[in-house]
Amino acid sequence: MKTAEENKLSKKVGIYGKEFGGQYIPETLMTELEKVEKAFKECKTDEKFQAQLHDLLINYANRPSLLYYAKNMTKDLGGAKIYLKREDLNHTGAHKINNVIGQALLAKKLGKKRLIAETGAGQHGVATATIAALMGMESEIFMGKKDTERQRLNVYRMELLGAKVHPVTTGSMVLKDAVNATLQEWASRSEDTYYVMGSAVGPYPFPAIVKYFQSVISKEAKEQLQEKEHKLPDMVVACVGGGSNAIGSFANFIDDPSVQLVGVEAAGKGVDTDQTAATIERGSEGIFHGMKSLFLQNNDGQIDKVYSISAGLDYPGVGPEHAALAEMKRAQYVGITDDEAVDAFEYIAKEEGIVAAIESCHAVAYVRKIAPKMRKDQIIICTLSGRGDKDVASIAKYRGVQIDD
Amino acid sequence: MTNLSNIFKNKKAFIPFIVADDPDFDTTVANIVALANGGADIVELGIPFSDPVADGKVIQAADLRAFAAGVDTETVFKIVEAARQQTDVPIVFLTYLNIVFKHGYEAFCKQCQRLNISGLVIPDLPYESRGEIVPIADKYGVDIIPLVAPTSGHRIEKIAKAASGFVYVVSSEGITGERNSFYNGIADLVKEIKKYTDVPAAIGFGIHTPEQAKHMASISDGVIIGSAIVDIVKKEKQNAPAAIEKFTKEIREAVDSVNQAKVR
């Protein structure tokens with residue numbers, strides 16, 4: 001059964017809001033996309049599939065993740081009560097594993113033996129390599145060359161897990177170029193290969209698939225908060241690159257109009273500068289990477305090079321459902337700069353003893369701004385999408401500290 | 001407006017591809033004229049895109065050279081305008097949907113009509129999304145040329161039935177670029193398309209020698225060659241027109257040898 005909000009969001013299958021989403025991809029991949037769509041539809045009611053998914057989430061990925069009351073932050077900020085949804089405590093250290101487990105099971109169902117994936121910060125690549133190792137599948141990961149340099153540790157982790165990592169040297173050599181390369185690889189070899197899309201982007205059904213598997217975040221959070229506080233949160237905050245942890249954090253609250261949904265984009269050096277990745281604030285409608293959505297682009301439709309300190313948010317587009325949620329004003333999207341995110345990285349480490357991913361710290365930075373303006377009886381859930389071990393070296397560098405790595 | 005399907009009526013067609021503004025404005029104009037003089041039936045002119053996901057290294061590099069020359073959509077229109085002073089050769093644009101979308105479907109198709117551009121090849125516009133541009137393109141007499149791939153399978157029927165201009169048959173899986181082997185069911189693929197439409201079917205992706213062109217022409221209605229010509233432009237730079245005219249004549253001959261065989 002579709003909820004009222006979902007009907008509003010998708011009049012046609014795969015269309016969000018007025019016209020976001022859809023399928024804009026070379027013909028070579030369309031038959032494959034149809035197969036994925038069919039398998040996805042079936043898996044929702046396939047008891048065996050659901051049992052395997054549940055088992056892996058609980059016994060392998062360490063779910064449910066904690067909903068942790070951040071007492072020190074709450075006290076320090078002096079406003080709303082702050083809960084952190086600890087996706088950083090999942091196996092492999094980020095929310096990415098939720099989606100990857102689901103899609104790897106889909107790939108098995110489709111008879112595929114080889115997983116390919118793009119990665120920005122490396123978290124999705126690590127998660128894909130991990131599941132491939134567990135399930136005895138091959139994995140090849142495409143990562144912008146620039147990202148392989150700023151996330152060297154994750155490159156090594158992927159290789160350790162048995163994946164082949166391809167540094168992508170086309171374009172600006174970051175996440176968008178990695179997506180291009182992975183799409184090209186899939187178009188060249190789809191017979192035995194499944195593209196594990198890492199974010200809630202791409203042609204339908206990928207945005208729906210990623211949302212479905214990431215919705216576990218808000219499903220748990222809602223139940224956990226009910227148990228602790230017997231009510232709904234007033235606000236849910238999550239960072240947005242392509243938007244997978246955000247759509248997962250929002251999913252089960254979209255139909256609760258009292259819950260404010262806030263997506264935090266990477267503003268880089270500032271929303272008004274050219275060095276930004278704040279797609280919803282600065283972007284315009286376009287068609288790219290298989291979807292109609294909002295993109296940072298010039299008047300001719302050439303996609304911009306984008307910038308953020310965070311390799312995971314460094315993407316010129318955003319998932320179509322976020323574009324639709326912004327259009328209908330159901331969710332609000334704000335920008336946080338590099339400086340603010342790095343401050344938040346240090347802040348949450350010192351206040352709560354949590355080294356959170358620089359991506360997630362964009363959300364934390366917004367919480368620092370908004371919580372003091374809220375009443376003490378109000379509640380914020382902030383999703384910590386990943387852990388920050390991978391970022392320690394680059395944050396040190398940002399602060400001018402030399403460390404051997 | 002030139003009727004694309006008619007071009008294929010009495011012969012096998014040769015459709016060469018170049019990237020607009022690679023390496024510069026004047027050379028592109030001269031290249032279009034050279035292709036026409038060499039015997040091209042239709043010139044496929046690429047409008048560069050920042051992220052050409054259907055294209056291999058050769059065309060990606062050509063797009064970068066065009067960007068270095070400062071290409072934008074207006075410049076491409078001006079190139080066609082300049083070429084139209086010298087030749088009436090039928091031209092189709094190859095570009096990605098975002099270029100057309102950002103310009104506005106209506107405004108873009110209107111420009112096509114003004115410049116006598118007969119059709120658009122848009123690799124990231126599958127059958128499912130044609131509806132948003134086809135009614136507008138129809139209004140201005142612009143064909144939206146569909147692609148069929150070796151993986152198309154049961155999709156062939158609906159794609160072929162909706163086709164106008166010609167059907168672009170993708171010779172193999174993957175992206176553009178020279179190849180020495182093709183999908184081995186390519187002849188059957190063309191036959192399957194023919195079951196559902198009278199619109200001609202031309203084969204492209206990877207073809208780069210006269211022998212390959214001859215073979216592909218013998219099993220279809222025409223041959224599309226891209227990367228091999230773009231490679232000549234890369235090597236010859238401003239001297240490209242003479243070199244690509246020579247290459248075009250060679251391919252023309254190879255394709256025509258099939259025409260003659262057919263007549264006999």
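Checking B:GLY141 against (1) surrounded by fewer than 18 Cβ atoms within 10 Å (Cβ to Cβ); (2) in a helix (DSSP H, G or I), only one condition comes out false. Which one?
Of (1) surrounded by fewer than 18 Cβ atoms within 10 Å (Cβ to Cβ); (2) in a helix (DSSP H, G or I), only one is false for B:GLY141: (2).
Just for the range B:121-159: of the residues that are more than 7 Å from chain A (Cβ to nearest Cβ) and in contact with a Pro (Cβ under 8 Å, 6 or more places away or on another chain), which one is farthest from B:ALA201 (Cα to Cα)? Break it down into steps so the answer makes sense when it comes.
Taking the range B:121-159 and keeping what is more than 7 Å from chain A (Cβ to nearest Cβ), we get B:121-122, B:127, B:130-146, B:150, B:154, B:156-159.
Checking the rest, the ones that are also in contact with a Pro (Cβ under 8 Å, 6 or more places away or on another chain) come to B:127, B:130, B:159.
Working: B:TYR127: 16, B:ARG130: 18, B:ILE159: 12 Å.
By that ranking, first place goes to B:ARG130.
Among the residues of the range B:208-261, write down those that are out of contact with any helix residue (DSSP H, G or I) (no Cβ under 6 Å at 6 or more places or on another chain) and not in a helix (DSSP H, G or I).
Of everything in the range B:208-261, those that are out of contact with any helix residue (DSSP H, G or I) (no Cβ under 6 Å at 6 or more places or on another chain) and not in a helix (DSSP H, G or I) turn out to be B:THR209, B:ASP221, B:GLY222, B:ILE224, B:ILE225, B:GLY226.
Exactly one condition in (1) more than 14 Å from every other protein chain (Cβ to nearest Cβ); (2) of a type outside the set (A, V, I, L, M); (3) assigned to a helix (DSSP H, G or I); (4) surrounded by 22 or more Cβ atoms within 10 Å (Cβ to Cβ) is false for B:ASP63; which is it?
Here B:ASP63 meets the rest and fails (1).
So which residues in the range B:155-200 are among the β-branched types (Val, Ile, Thr), closer than 18 Å to A:ALA187 by Cα and under 15 Å from the mean Cα position of the chain (by Cα)?
Going through the range B:155-200, the residues among the β-branched types (Val, Ile, Thr) turn out to be B:156, B:159, B:167, B:169-170, B:175-176, B:186, B:190, B:193, B:197, B:199.
After this cut, where a residue has to be closer than 18 Å to A:ALA187 by Cα as well, the list is B:156, B:169-170, B:175-176, B:186.
Those that are among the β-branched types (Val, Ile, Thr), closer than 18 Å to A:ALA187 by Cα and under 15 Å from the mean Cα position of the chain (by Cα): B:VAL169, B:VAL170, B:ILE175, B:THR176.
Which of (1) surrounded by fewer than 19 Cβ atoms within 10 Å (Cβ to Cβ); (2) within 18 Å of the chain's Cα centre (by Cα) does B:GLY131 not meet, given it meets every other one?
Of everything listed in (1) surrounded by fewer than 19 Cβ atoms within 10 Å (Cβ to Cβ); (2) within 18 Å of the chain's Cα centre (by Cα), B:GLY131 misses just condition (2).
Restricting to the range B:151-191, what's the tally of residues that are buried (at least 22 other Cβ atoms within 10 Å of the Cβ) and of a type outside the set (A, V, I, L, M)?
Count: 7.
Helices (runs of 4 or more DSSP H) wholly in the range A:41-112 with at least 3 residues that are under 17 Å from the mean Cα position of the chain (by Cα) - which ones?
Numbers: elements: A:47-59, A:71-77, A:96-109.
It comes to A:96-109.
Against the conditions (1) touching a Pro at 6+ places or on another chain (Cβ under 6 Å); (2) of a type outside the set (Lys, Arg); (3) in a loop (DSSP other than H, G, I, E, B), where does B:SER118 fall short? Just the number, please.
For B:SER118, the exception is condition (3).
Here, each number is a calculation from the coordinates, and none is a lab measurement. Note that the coordinates shown come from a computational prediction; the quantities given were computed from them, not determined experimentally. Backbone-built Cβ (ideal geometry, glycine too); neighbour counts: all protein chains shown.
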